[in-house]
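Right, one structure below, let's go through it.
Read-outs: derived from the displayed coordinates by stated rules, not from any lab. Predicted model only: the values in this text are computed from it and were never measured. For neighbour counting, all protein chains shown are included, and Cβ atoms are generated from backbone atoms with ideal geometry for every residue, glycine included.
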């Protein structure tokens, strides 16, 4: 059974800066950091060869961010930051009662905002931010949340050209029903937030035990075509990881639902892991903790923070 969204994977050029960004903006902390051993069985699964890779796992109260620095990755300095309507794993959202506090944290951590926080008509405050390497992080202020509540991860977002197909796939995989589906735009506020013109998009949300999985299909402007699939060695968002207590069963269910296997199961670091691509080609990892694996979803401080906070909405 799927326990929830364990982490979002992010390829970075500077691991220390990435850790510092999430520490300063969200108060998250690195719970592990290590170089991938030369004889690690993960290397074949990742197609890493002899490339040097250093990995850090950063914990929020209800989920993790896995940052990986790959020696062969291109520098982000010459890389154009992808627009928000680019297909693929596009961002994740951090939430707090005070969106201005999050915005100040982004600026102080050498990040930037696409636009200042604004209300899209829900009463919440929203902004898209970029870290120092151009990766998108949504910041959201929920005025009904307790002010003393620490910053948490609200959702992981995927942009898709085929929303219904992705909903069907992930609903089957997660075993949950839609929490909501709605249209956004066109309008000046949503255009300003995303840095687009005449944007019209459709969103849908699937809950897990610890956060939401969010999907967007851009009806205008259409998402630019992808020339290749993202790999685990790229800069930017590379994969999402689901934690399971039965990898073999859930991986088989995922393939039956329309995923494509990348590799056989790998045993490493007190866990079993296996990779596949969803119907859009995004990489999904299934992680089954073994005895001695301490960075589980259940080990986090507050995995019910999303559902508890949402219950406060009037």
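Given their separation in residues at 0.36 nm each and the Cα-Cα distance between them, residue 71 and residue 189 gain 38.5 nm when the chain is fully extended. The modelled label-to-label distance between residue 253 and residue 150, using points 7 Å beyond Cα along the C-beta direction, is 3.1 nm.
Length available on full extension from residue 290 to residue 165: 0.36 nm per residue minus the Cα-Cα distance, which gives 41.7 nm. Helix 15-26 and the longest principal axis of the Cα set of the chain meet at an angle near 40°.
For Rg/Rh (Cα atoms, Kirkwood Rh), computed directly from the structure shown, the correct entry in (i) 1.03; (ii) 1.07; (iii) 0.93 is (iii).
What percent do you get for the relative contact order of the stretch 216-284 when only Cα pairs under 8 Å and 6+ apart count?
30
Sorted on the mean count of surrounding Cβ atoms within 10 Å across their residues, most packed first, peptides 291-297, 196-202 read 196-202, 291-297. Centroid-to-centroid, using Cα positions, the stretch 96-151 and the stretch 235-296 are 30 Å apart.
Over the stretch 166-279, what is the relative contact order in whole percent, taking alpha-carbon pairs under 8 Å and six or more residues apart?
20
Obtain the nm distance between the two label points defined at residue 260 and residue 298 by a simple spin-label model: each point lies 7 Å from its Cα along the Cα-to-C-beta direction. Reported label-point gap for residue 260 and residue 298 is 3.6 nm. Estimated from helical segments only, the mean residue ellipticity of the chain at 222 nm is -5500 deg cm²/dmol, where each DSSP H run of four or more residues counts as -39500 (n - 2.57). Relative to the longest principal axis of the chain, what angle (0 to 90°, nearest 10) does the C-alpha long axis of helix 99-108 take? Taking Cα atoms only, the helix is inclined about 60 degrees. Against the main long axis of the alpha-carbon atoms of the chain, helix 247-257 sits at an angle near 60°. For the stretch 158-222 versus the stretch 3-30, the inter-centroid distance based on Cα atoms is 23 Å. As a proxy for reagent exposure, 238, 260 were ordered by neighbouring Cβ count within 10 angstrom, fewest first; the result is 260, 238.
Remark: relative contact order (the stretch 1-122) = 29 percent; criterion is Cα-Cα distance under 8 angstrom and separation of 6 or more residues. The calculated FRET efficiency for residue 120 paired with residue 246, based on their beta-carbon distance and R0 = 30 Å, is about 0.15. In the stretch 142-157, which residues have a backbone nitrogen under 15 Å from the label point lying 7 Å from residue 312's Cα in the Cα-to-Cβ direction? Hits in the stretch 142-157 for residue 312 at 15 Å: 142-154.
Residue order for 211, 101, fewest other beta carbons within 10 angstrom first, comes to 101, 211. Sorting the Cα pairs of the stretch 174-314 by distance into bins of 5 Å, from 0 upward, gives 2, 8, 13, 16, 18, 18, 12, 8, 4, 1, 0 percent per bin. The stretch between residue 39 and residue 101, if pulled fully straight at 0.36 nm per residue, gains 17.9 nm over its current Cα-Cα span.
In terms of other Cβ atoms within 10 Å, 219, 227, 249 run from fewest to most in the order 227, 249, 219.
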